[in-house]
Amino acid sequence: MHVSMRVVATATLLLTSSLAQADWPHLRGPKVDGHAEPGGLLSRSENVKLVTRWRQPLGSGYSSVSVVGDHVVTGYCDEETGYVVCLSAKDGSELWKYATGPRFKGANGAHDGPIATPAIGFGHVYAMSPAGKFVALELESGELAWEVDLAGDLKLTPIFYGFGASPVVVGDQLLVQLGPPVGTVASIHPKTGKVLWGAGEDAVGYQSPVPTTLHGERAVVWTGNEKLGAVDPKGKSLFEFAHEGQGGRGAWSLIPVPLGGDRVFLAHDDDASRVVGVETRKDSLEAVETDWSERSIRNSYNVPVRVGDRLYGFSSRVLTCVDQVSGELIWRSRDPGDGFLSVADGHLVIVTKDGTVHVAKTGEDEYTELAATKVFENTTWSVPAVDGDAIYVRSIGEIARVDVVPGEAAPPRLAGDGPVGEKFRQMLDRVAAEKTGPDKQAVVDRFLGTVKSTPYVEGDVVHFTLRGDYQDVAVAGDLFGARQEQSLARVPGTDLFYYSARIPKDTRAAYVFVADFETITDPSNPRTVKSSLFLEDLEMSLFGGTETLTMSWFDMPERKTSVVPDEKTPLAGTLTKTELVSKAMDGEKIAVVVYTPPGYSKDADPYPVVFVHHGEPARGSGRLPQTVEALTKQGKLRPAVLVFVDRPFNPFLGAAGYESMFGSELIPMVEERYNVSRDRDDRSSLGSSITGVLTLTSGLGNRDQIGRIGVHSLHVFELLVPMIDGALDTPGPRSDILLQWGEFDLTNPQENWDMAVASKRMAERLGKAGYDVETLVTNDGTDWICWRTHTEAMLTFLLGAEK
């Protein structure tokens, strides 16, 4: 914990709301704090259960639900069109719907449809479409009252994922965050759509302003992509300063959480959160400082809620309770699963991304659930709305009302209900038959004493097992996807935890355990590898990061071996380090390492050359030079020069000029210094993961010099496709291409992206453009621990045997 940052300003700070208290009229409830109005069943009894009163089909979209009276409003899209829809709270029947424009396609795996949640007030519904149409509709009829084109009329810059800031009703004002040139926060005339005032110059993403109080005065606090600020009810700017956050789960979707006592909580960064204290003297704001900064709540799109002196939120996928005064962690729980929070009568209302709804107590020393029910089969990505004893939730395909009613809740679900091998099942049965803990433990000891290595595999079932005095254990890795874990079940009366899965018998995959929320390798598995892709929490290093994980790995029994030299195998050839200062990339210094084979001679016939993009991990865990030497010694490859370009690719930072650097600077430098062939058929480009995009663009963009291109696990998010399309238009002969990927390649099912699917689509795209494209699809995960087993096939394609 640390205290930092003090900004001096002069203005009167006025922070609270004159909002009429009723229903759930906009995102995060009446006060934009996640709390429903009190007085429901949970205020009188905790002997409750959850019952789904109605459920209706609904198209795709992220919009949450707003409720006033019998009107339940949200946004969605069908196969062609986006809509604002109003349903009856009683039975879910449609009262009206209004078309806002063509279906908005989500980018980079994002689901299609609207992001912003409509607001209800002044007899109207106010909704923002992702294409930038801001409309007011009559609440009773759905008829259009006014419309503003945010890009055309207000000159706002469209946002990559679509416009998505949710409007809110504060007293007699309709407030929405728009960004320049209008203002970070703006007041819109609710009857005409005219901008009454705007304040702030910060750009916005998906934030909403929040009314609050400080020193008894009213105002609104807002956060933009870079700043925290406040305005008074008339739009006078009170202060602004840099919150120093970043990221899609941090700054771009940041909504402040007032804590009272002159303090505001900010989950401002993907990797941290802070509480900002505001000091006033006399009638002016003099200082803003950080009370505390911690990592206890971070890396989540959910906006935390405050109940008493505690903050509740998600840290990655883990529900977390924090002391709001000190920032100290009180408890963490993997149950009920990742999702979104609201509060009803001092109780947490949670909808998980897996489509379950839960009610839990607050103020406890651990997660204490009162009731739960399964509502949806598809992904849920919206905040629950609470009106009395009714909870309104929507998924990507449905909307439902779930009622809190008197009764006994169903027993909690148990982990470990998946497939189990026969011998493992027999062990579990023997444990269950024993009476005492020591006898149960003895059964586990005898069984695991026969296991030579973990994970324990029976046929096509893999059992991940971990022993220890833990309270919470999960497994993460290739089989489950980025930002995902699966809970391990404890064998009752023992120290054994397990999770089982059925997978193909020739699979290779990497994994880690998360034991009491600390990431560890499998202590019973000596096979480990340094990942080039995964960070803590199974975050991806594709977009930057610090230390990557060391992971355990395993092969299923029918996995075929290939030539992969031992890591201790000495290198007979030579690695020479050099540096290229690129004019095409504004003077950037690019580290280059060149491998020359044993017996390399400038007097020999010119050598074929392979340019390896993001070369460092290829040399390390990929063992590429050693593998080339082994295959060459066996006569499977021609002796070759390898050029490792030690420059990773971060798409948010870009790689402007890389294609030109490759063709007009790097290749000529190598030609000048080394005895390499000038024949394009002897020159190839190799890459992997997101740097595979640069491999394609630099190869296709210099196809007169590069004859073959190979990519392992092309991680091509949609924002990168135009880069490849641009390279396709370059004139010249067609290059031959090999794309290799795994069935368990990088994915996140909840976020709707899958790089195996993206690779397949790109192969089809390249084929339609006239390229000779080969594909190699395997039962693998991702990263070099898997790719290196396909090095022989890849290099044979790129180099071929001795001519």
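The values are calculated or read from the model by the stated rules, or taken from the named source; none is laboratory data. Nothing here was measured: the structure is a model prediction, and the numbers come from that model. Neighbour counts run over all protein chains shown; Cβ positions are idealised from the backbone, glycine included. Heads up: the accessible areas ignore ligands, DNA and RNA and are worked out on the full protein's heavy atoms, side chains in. Shrake-Rupley method; radii C 1.70, N 1.55, O 1.52, S 1.80 Å.
If I ask for residues that are under 28 Å from V610 (Cα atoms) and either of a type in the set (K, R) or out of contact with any Leu (no Cβ under 8 Å at 6 or more places or on another chain) (or both), which ones from region 736-755 would you list?
Taking region 736-755 and keeping what is under 28 Å from V610 (Cα atoms), we get 736-746, 755.
Passing the criteria: D736, G742, E743, D745.
Annotation: W197 fulfils all but one of (1) free of Cβ contacts under 8 Å to residues at least 40 places away in the same chain; (2) assigned to a loop (DSSP other than H, G, I, E, B); the unmet one is (2).
So which strands (runs of 3 or more DSSP E) are wholly in region 38-137 and hold at least 1 residues that are open to solvent by 50 Å² or more (accessible area, probe 1.4 Å)? Quick ask: steps written out before the conclusion?
Working: elements: 48-57, 66-68, 71-77, 81-88, 94-102, 119-121, 124-128.
Output list reads 48-57, 94-102.
Of all residues in region 308-319, those that are closer than 16 Å to G346 by Cα and either among the charged types (D, E, K, R) or open to solvent by less than 10 Å² (accessible area, probe 1.4 Å) (or both) total 5.
For (1) more than 19 Å from F797 (Cβ to Cβ); (2) without any contact (Cβ under 8 Å) to a residue 24 or more places away in the chain; (3) in contact with a helix residue (DSSP H, G or I) (Cβ under 6 Å, 6 or more places away or on another chain), each residue gets a yes or a no:
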{"residue": "P606", "(1), (2), (3)": "yes, no, no"}
{"residue": "V609", "(1), (2), (3)": "no, no, no"}
{"residue": "L624", "(1), (2), (3)": "no, no, yes"}
{"residue": "R638", "(1), (2), (3)": "no, no, no"}
{"residue": "V641", "(1), (2), (3)": "no, no, no"}
{"residue": "S664", "(1), (2), (3)": "yes, no, no"}
{"residue": "S698", "(1), (2), (3)": "no, no, yes"}
{"residue": "R703", "(1), (2), (3)": "no, no, no"}
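Does region 739-760 include one or more residues that are closer than 27 Å to R680 by Cα, within 31 Å of the chain's Cα centre (by Cα) and without any contact (Cβ under 8 Å) to a residue 24 or more places away in the chain? It would help to see each step written out before you state the result.
First, pick out the residues of region 739-760 that are closer than 27 Å to R680 by Cα: 739-741, 759-760.
Going one step further and asking which of them are within 31 Å of the chain's Cα centre (by Cα), we end up with 739-741, 759-760.
Then drop every residue that is not without any contact (Cβ under 8 Å) to a residue 24 or more places away in the chain, which leaves 760.
Yes - at least one qualifying residue is present in region 739-760.
Going by the conditions given, is W292 crowded, with 24+ Cβ neighbours inside 10 Å and among the aromatic types (F, W, Y)?
Considered against the rule, which asks whether it is crowded, with 24+ Cβ neighbours inside 10 Å and among the aromatic types (F, W, Y), W292 comes out as no.
One residue alone among S93, S45, S88, S64 is at pLDDT below 95, in contact with a strand residue (DSSP E or B) (Cβ under 7 Å, 6 or more places away or on another chain) and of a type in the set (S, T, N, Q), and that residue is S45. The number of residues in region 8-37 being modelled with pLDDT of 95 or more, open to solvent by 20 Å² or more (accessible area, probe 1.4 Å) and not charged (D, E, K, R) comes to 2.
Tell me whether region 691-704 contains one or more residues that are surrounded by fewer than 17 Cβ atoms within 10 Å (Cβ to Cβ) and not hydrophobic (A, V, I, L, M, F, W, C). So far as region 691-704 goes, yes, one or more of its residues are surrounded by fewer than 17 Cβ atoms within 10 Å (Cβ to Cβ) and not hydrophobic (A, V, I, L, M, F, W, C). Criterion applied to A390, A385, A400, A372 was being at negative phi, in contact with a Pro (Cβ under 7 Å, 6 or more places away or on another chain), in contact (Cβ under 8 Å) with a residue 40 or more places away in the chain and crowded, with 16+ Cβ neighbours inside 10 Å, and the one residue passing it is A372.
From the list A572, A655, A630, the one residue that fits, being part of a loop (DSSP other than H, G, I, E, B), of a type outside the set (D, E, K, R) and open to solvent by less than 40 Å² (accessible area, probe 1.4 Å), is A655.
Table: residues versus (1) more than 37 Å from the chain's Cα centre (by Cα); (2) at pLDDT 95 or above.
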residue: Y607; (1), (2): yes, yes
residue: K633; (1), (2): yes, no
residue: L637; (1), (2): yes, no
residue: V645; (1), (2): no, yes
residue: P651; (1), (2): no, no
residue: A655; (1), (2): no, no
residue: M669; (1), (2): yes, yes
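Of the numbered criteria (1) in contact with a Phe, Trp or Tyr (Cβ under 8 Å, 6 or more places away or on another chain); (2) within 21 Å of P118 (Cα to Cα), the one A390 fails is (1). Here the strands (runs of 3 or more DSSP E) wholly within region 233-348 that include at least 2 residues being polar (S, T, N, Q) are 272-281, 284-294.
Applying the selection to region 546-558, what residues are in a loop (DSSP other than H, G, I, E, B) and touching a residue at least 60 places away in the same chain (Cβ under 8 Å)? Across region 546-558, the qualifying residues are M556, P557. Run down T213, T157, T192 and say which single residue is of a type in the set (V, I, T), open to solvent by 20 Å² or more (accessible area, probe 1.4 Å) and more than 26 Å from A251 (Cβ to Cβ). When all the criteria are applied, what remains is T192. Checking each residue of region 511-521 against the condition of being under 22 Å from E458 (Cα atoms), part of a loop (DSSP other than H, G, I, E, B) and either among the basic types (K, R) or at pLDDT below 95 (or both) gives no match. Kindly evaluate K423 against the criterion of being more than 30 Å from D566 (Cα to Cα) and touching a helix residue (DSSP H, G or I) at 6+ places or on another chain (Cβ under 7 Å). So K423 fails the test. Just one of (1) surrounded by fewer than 23 Cβ atoms within 10 Å (Cβ to Cβ); (2) in contact with an Asp or Glu (Cβ under 9 Å, 6 or more places away or on another chain); (3) outside any strand (DSSP E or B); (4) at negative phi fails for A145. It is (3). Would it be correct to say that V420 is among the aliphatic types (A, V, I, L, M) and at pLDDT 95 or above? Against the criterion (among the aliphatic types (A, V, I, L, M) and at pLDDT 95 or above), V420 does not qualify. Could you check how many residues of region 671-692 are more than 16 Å from L795 (Cα to Cα), of a type in the set (A, V, I, L, M, F, W, C) and at pLDDT 95 or above? Residues meeting the conditions: 1.
Residues that are in contact with an Asp or Glu (Cβ under 8 Å, 6 or more places away or on another chain) and within 28 Å of L196 (Cβ to Cβ) do not occur anywhere in region 323-332. Every residue in region 709-737 that is within 14 Å of S685 (Cβ to Cβ), in a strand (DSSP E or B) and open to solvent by less than 10 Å² (accessible area, probe 1.4 Å), please. Passing the criteria: I709, G710, V711, H712, L714, I737.
Matching residues to (1) open to solvent by less than 50 Å² (accessible area, probe 1.4 Å); (2) charged (D, E, K, R); (3) within 30 Å of G247 (Cβ to Cβ):
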| residue | (1), (2), (3) |
| --- | --- |
| K505 | no, yes, no |
| R508 | yes, yes, no |
| N525 | yes, no, no |
| S531 | yes, no, yes |
| L538 | yes, no, yes |
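If the condition is being open to solvent by 10 Å² or more (accessible area, probe 1.4 Å) and not small (G, A, S), then region 633-648 contributes K633, Q634, K636, R638, P639, D646, R647, P648.
Does D555 count as farther than 20 Å from L653 by Cβ, among the charged types (D, E, K, R) and modelled with pLDDT of 85 or more? Against the criterion (farther than 20 Å from L653 by Cβ, among the charged types (D, E, K, R) and modelled with pLDDT of 85 or more), D555 qualifies. The set of residues in region 434-492 being surrounded by fewer than 19 Cβ atoms within 10 Å (Cβ to Cβ), among the small types (G, A, S) and either part of a helix (DSSP H, G or I) or touching a helix residue (DSSP H, G or I) at 6+ places or on another chain (Cβ under 7 Å) (or both) consists of G437, A442. Among the numbered conditions (1) more than 25 Å from F104 (Cα to Cα); (2) at pLDDT below 95, the only one that V169 does not meet is (2).
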